[in-house]
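Report on one structure; see the data block that follows.
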Amino acid sequence: MLSETDFIANSISSDINQGIFTWSAPSNIALVKYWGKKQDQIPANPSISFTLNNCKTITKLGFSKRHFDKLSENNSTFSFDLLFEGKPKEEFKPKIQKFFERIEKYCPYLKNFHFTIDTQNTFPHSSGIASSASGMAALAMNIMSLEKELNPLMTEEYFYKKASFLARLGSGSACRSIKGNIVVWGEHQEIKESSDLFGVPFSSELHSVFNNYQDTILLVDKGEKQVSSTVGHDLMHNHPYAEQRFFQAPQNLSKLKLVLENGNLDEFIKIVESEALTLHAMMMTSMPYFILMKPNTLEILNKIWKYRNETKIPVCFTLDAGANVHVLYPEQYKNETLQFIKDELVGYCQNGQYICDEIGFGSQLILEN
Ligand code: PMV
């Protein structure tokens, strides 16, 4: 079992001057939600997510060795340029600076390089789809590619685990965007090798009904969230229902593990929809309280319930920390469900926008040094 200190890089064996990597990393959608954390991005309960396929961040990391030859220069700061879609983006820099500070203990080589980070998303930036999970995961993959150049003997297993470990320190849910179609993050008795420190691919055999499971994301509100997830997580401290929630989540994960193995979609729907509404119930019952759903979110949920009742097609929803609705359904019902979405749900989406996605497999190397 790897512990936190195993992720401190201390065996740098090779010297490298410059290079470029490019990785893509997908977004993910939690089925059992992570909401509430302890110090150092340790989750208050285990969570599980579907990895997405189409909603991705693609990040190019250029690096060159810094030479500290002038007296005025020193290596006490990080040195990087940040580009979004090829253009400098100063607003994103503080987030990266903070990420570097958090991971420096584990990647002490970072200050030896100047970085150029060029990042883009395959989904619209202001869509309300969290880009922090895919963004931090893509950056973590690139950093691990650099670390592997510095330490060529690193195993593949360590490479991916540390990438997830680093991504977690950027944004908790990002650790579930590294590897695997379904990922568990957080210690759970029944999930082999599960850890609070990084995400692990769900290792049981998946029932075939979940192959290419569909996620159509209805963009209900693309505005800035009025409460960030950082603040939301914090509000779980001293929350009147926190204890019960942290007791419930691992139980839901146990139930969902069985469902993912046996393909019982009635049970799947119950767990997943209840988890989504519980997440929002936690927001509504914190102090201060807040609501991220919009009237159109509720219209959509009611339409989905009605449609499912009438057609018996196992379509259900989940929600992220926002107003958008993720519509989940088996691939075999793709045509009917997309028709239903076009006929009855698109009217509730901002500018009629939605994104068709499905289960994917995690990060991908696009350009090697
Ligand atoms: O990764 P964060 O800190 O942005 O938290 C994300 C929390 C939820 O998206 C609401 C749930 C989850 O498990 O992804």
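Looking only at region 149-187, residues that are assigned to a loop (DSSP other than H, G, I, E, B), open to solvent by less than 30 Å² (accessible area, probe 1.4 Å) and more than 14 Å from the ligand (Cβ to nearest atom) come to 3 in all.
Restricting region 306-323 to residues that are open to solvent by 50 Å² or more (accessible area, probe 1.4 Å) and either within 14 Å of the ligand (Cβ to nearest atom) or in a loop (DSSP other than H, G, I, E, B) (or both) leaves a set whose member that is farthest from Lys222 (Cα to Cα) is Lys312.
Given Leu218, Leu265, Leu258, which one is away from the ligand (no atom under 16 Å from the Cβ), in contact with a helix residue (DSSP H, G or I) (Cβ under 9 Å, 6 or more places away or on another chain) and open to solvent by 60 Å² or more (accessible area, probe 1.4 Å)?
Leu258 is the lone residue from the list that is away from the ligand (no atom under 16 Å from the Cβ), in contact with a helix residue (DSSP H, G or I) (Cβ under 9 Å, 6 or more places away or on another chain) and open to solvent by 60 Å² or more (accessible area, probe 1.4 Å).
For Val200, state whether it is at pLDDT 95 or above, in contact with an Asp or Glu (Cβ under 6 Å, 6 or more places away or on another chain) and under 28 Å from Gln251 (Cβ atoms).
The answer is yes for Val200.
Yes/no per residue for (1) under 24 Å from Val183 (Cβ atoms); (2) free of Cβ contacts under 8 Å to residues at least 24 places away in the same chain; (3) part of a helix (DSSP H, G or I):
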site: Ser11; (1), (2), (3): no, no, no
site: Ser14; (1), (2), (3): no, no, no
site: Phe21; (1), (2), (3): yes, no, no
site: Ser24; (1), (2), (3): yes, no, no
site: Asn28; (1), (2), (3): yes, no, no
site: Leu31; (1), (2), (3): yes, no, no
site: Trp35; (1), (2), (3): yes, no, no
site: Asp40; (1), (2), (3): yes, no, yes
site: Asn45; (1), (2), (3): yes, no, no
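Take the conditions touching a residue at least 40 places away in the same chain (Cβ under 8 Å) and within 16 Å of the ligand (Cβ to nearest atom) and apply them to Glu368. Does it pass?
Judged against the criteria, Glu368 is not a match.
Considered as a group, the residues in region 122-133 that are farther than 13 Å from Ile355 by Cα and at pLDDT 75 or above include one that is farthest from the ligand (Cβ to nearest atom), and that residue is Ser131. Considering region 221-247 alone, what residues qualify as being open to solvent by less than 70 Å² (accessible area, probe 1.4 Å) and more than 14 Å from the ligand (Cβ to nearest atom)? Hits for region 221-247 are Asp221, Lys222, Gly223, His239, Ala242. Is it the case that region 104-120 has a residue that's more than 21 Å from Leu365 (Cα to Cα), surrounded by fewer than 20 Cβ atoms within 10 Å (Cβ to Cβ) and either hydrophobic (A, V, I, L, M, F, W, C) or without any contact (Cβ under 8 Å) to a residue 40 or more places away in the chain (or both)? The answer is yes, given that some residue of region 104-120 is more than 21 Å from Leu365 (Cα to Cα), surrounded by fewer than 20 Cβ atoms within 10 Å (Cβ to Cβ) and either hydrophobic (A, V, I, L, M, F, W, C) or without any contact (Cβ under 8 Å) to a residue 40 or more places away in the chain (or both).
Residue count for region 55-86 under the criterion of being part of a loop (DSSP other than H, G, I, E, B) and modelled with pLDDT of 95 or more: the result is 1.
Would you check if there is a residue in region 244-251 being part of a loop (DSSP other than H, G, I, E, B), touching a Ser or Thr at 6+ places or on another chain (Cβ under 8 Å) and either under 23 Å from Ala133 (Cα atoms) or not hydrophobic (A, V, I, L, M, F, W, C) (or both)? No; the residues of region 244-251 include none that is part of a loop (DSSP other than H, G, I, E, B), touching a Ser or Thr at 6+ places or on another chain (Cβ under 8 Å) and either under 23 Å from Ala133 (Cα atoms) or not hydrophobic (A, V, I, L, M, F, W, C) (or both). When the criteria are applied in full, Glu299 meets the requirement of being open to solvent by 80 Å² or more (accessible area, probe 1.4 Å) and outside any loop (DSSP other than H, G, I, E, B). Taking into account only those residues within region 19-33 that are within 13 Å of the ligand (Cβ to nearest atom) and among the small types (Gly, Ala, Ser), which is surrounded by the fewest Cβ atoms within 10 Å (Cβ to Cβ)? So, considering only residues that are within 13 Å of the ligand (Cβ to nearest atom) and among the small types (Gly, Ala, Ser), the one surrounded by the fewest Cβ atoms within 10 Å (Cβ to Cβ) is Ala30.
Within region 34-53, can you find the residues that are open to solvent by less than 10 Å² (accessible area, probe 1.4 Å) and either within 8 Å of the ligand (Cβ to nearest atom) or among the β-branched types (Val, Ile, Thr) (or both)? Hits for region 34-53 are Ser47, Ile48, Ser49, Thr51. Every listed requirement among (1) surrounded by 17 or more Cβ atoms within 10 Å (Cβ to Cβ); (2) among the aliphatic types (A, V, I, L, M); (3) away from the ligand (no atom under 16 Å from the Cβ) is met by Ile12 save one, (1).
The values are calculated or read from the model by the stated rules, or taken from the named source; none is laboratory data. Predicted, not measured: the structure shown is a model, and the values here were computed from it. Cβ atoms come from the backbone with ideal geometry, glycine included; neighbour counts cover every protein chain shown. Areas reflect the complete protein model, heavy atoms only, side chains present, ligands, DNA and RNA absent. Shrake-Rupley method; radii C 1.70, N 1.55, O 1.52, S 1.80 Å.
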